[in-house]
Every structure is written in structure tokens, then in C-alpha cells.
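Comments concern the structure below.
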Amino acid sequence: MKAVPKVNIDGLYLEDELVDDAFTGVVPFYAEPEPSFFNPEAIEQPAVPEEKAVPKIAGYLVGLPTTAGLFRPRFDLAAWEAYQTALEIDSQAGFPELWVEGLGQDEIDKLIERTPQEPSELDLLQQRLVEAEAKYSQLAAESTLNQVALMELHQMLLKVQAK
């Protein structure tokens with residue numbers, strides 16, 4: 001079993017679906033028909049279909065992995081169909097880029113602004129260095145004050161002993 005992308009009819013990624021390892025290509029999946037119920041109180045009853053209704057395509061299972069780095073992956077169904085047509089004419093047709101970005105640049109910029117940026121390891125080390133330097137400066141100042149206080153105490157002690 002392997003997981004393949006499941007997309008809606010516009011090609012936008014929905015979720016992964018488990019399929020057989022041999023699955024390839026692009027295959028439609030269909031919407032479940034809505035059941036009609038008999039209601040004895042209703043004036044009009046649902047018509048009994050004479051022919052079985054053709055199921056409506058709800059999306060596709062895509063046997064090609066998504067491209068990494070996309071915010072909202074969209075499978076280009078038109079490019080896939082064009083590629084399939086080109087293969088029928090020329091078996092050496094080049095493979096197109098089928099997964100594209102489904103969001104516009106404005107939407108991506110808004111997502112990036114809202115997403116808290118995790119600091120890099122270098123940023124964390126720089127922050128620790130600044131904190132350590134500040135702590136060192138504080139300790140050095142305290143040490144200087146302690147030395148001055150010790151000298152003053154020593155001078156007082158010498159004055160007291162001299163008397």
C-alpha cells in the first residue's frame with residue numbers, strides 16, 4: 001500500500017488516500033449519490049429514475065507525489081490531459097510540471113506574516129552570547145564595587161587600629 005494525493009475537481013490537494021502499490025496515473029473518484037426517501041406526507045414524491053444516474057466526479061486520485069515546498073498544492077489537470085494527448089502522438093513527449101502553487105502571492109505573504117519564525121541556531125547562539133556578555137558586565141561591575149567597599153573597610157580598620 002502507498003499513499004497518493006487526493007484532489008478535488010479543481011486539482012486542489014485534499015488529503016492522502018491509501019492505494020495499491022501498483023497504482024499510477026490519474027483516476028477520478030465519484031460523489032456518493034444522495035438517497036431519496038419516501039415521505040407519505042409530502043405532496044410530491046421524488047421521481048423514480050428510469051435509468052441509473054451517472055455518478056458525478058468529485059475529484060481525482062493522483063499517482064504522482066506532490067512537489068515539496070508548496071503552501072497549497074494544486075494538480076494541473078489541464079497539463080496532465082495535454083501530456084496524455086501528446087503521448088498518444090509522440091511517445092517522447094516531455095514530462096510537464098504538474099504540481100503548482102494553489103495560493104496567490106498575496107495569500108502566501110499573509111501566511112508567512114502570521115507564521116511565527118523559529119530562530120535559527122546561529123540566532124540562538126548570538127542571543128546567548130549577548131546574554132552572557134551582559135551577565136559578565138554585571139558581575140564585573142559588582143566585583144569592582146565589592147573591591148571598592150573592601151578597600152574602604154580596610155582603610156577604616158587601619159584608622160581604628162591607629163587610634
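The values are calculated or read from the model by the stated rules, or taken from the named source; none is laboratory data. As the structure is a computational prediction, the values presented were derived from the model and not from experiment. Positions of Cβ are generated from backbone atoms using ideal geometry, with glycine treated the same way; all protein chains shown enter the neighbour counts. Accessible surface areas use protein heavy atoms only, side chains included; no ligands, DNA or RNA. Shrake-Rupley method; radii C 1.70, N 1.55, O 1.52, S 1.80 Å.
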Under a plain spin-label model, where a point goes 7 Å from the Cα along Cα-to-Cβ, how far apart in nm are LEU12 and ILE57?
-> 1.8
The rounded separation in angstrom of the Cα centers of segment 69-133 and segment 139-159 is 63
About its Cα centre, how strong a charge dipole does the chain have in debye, to the nearest 20, once Lys and Arg get +1 and Asp and Glu get -1 at the Cβ?
-> 1440
Residue separation times 0.36 nm, minus the C-alpha to C-alpha distance between THR144 and ASP106: what's the value?
-> 8.1 nm
Give the residue from ALA132, ILE108, LEU14 lying farthest towards the positive end of the charge dipole for the chain; charges sit on Cβ (+1 for Lys and Arg, -1 for Asp and Glu) and the dipole is referred to the Cα centre.
-> ALA132
Which values, in whole Å and largest first, are the semi-axes of the equivalent ellipsoid of the chain obtained as the square root of 5 times each eigenvalue of the Cα gyration tensor?
-> 75, 27, 13
For VAL130, tell me the accessible area in Å² from a 1.4 Å probe, rounded to the nearest 10.
-> 90
Residue by residue through segment 97-104, the couplings from Karplus 6.51 cos²θ - 1.76 cosθ + 1.60 with θ = phi - 60°, in Hz, x for Gly and Pro, are 7, 9, 9, 10, 6, x, 10, x
Which angle between 0 and 90 degrees, to the nearest 10, do you get for helix 77-89 versus the longest principal axis of the chain when only C-alpha atoms count?
-> 60
The equivalent-ellipsoid semi-axes of segment 80-163, taken as the square roots of five times the Cα gyration tensor eigenvalues and listed largest first in whole Å, are 78, 14, 5
Once amide H atoms are built 1.01 Å from N in the peptide plane, which residues 5 or more positions from PHE29, or in another chain, come under 5 Å H to H?
-> ALA58, GLY59, TYR60, LEU61
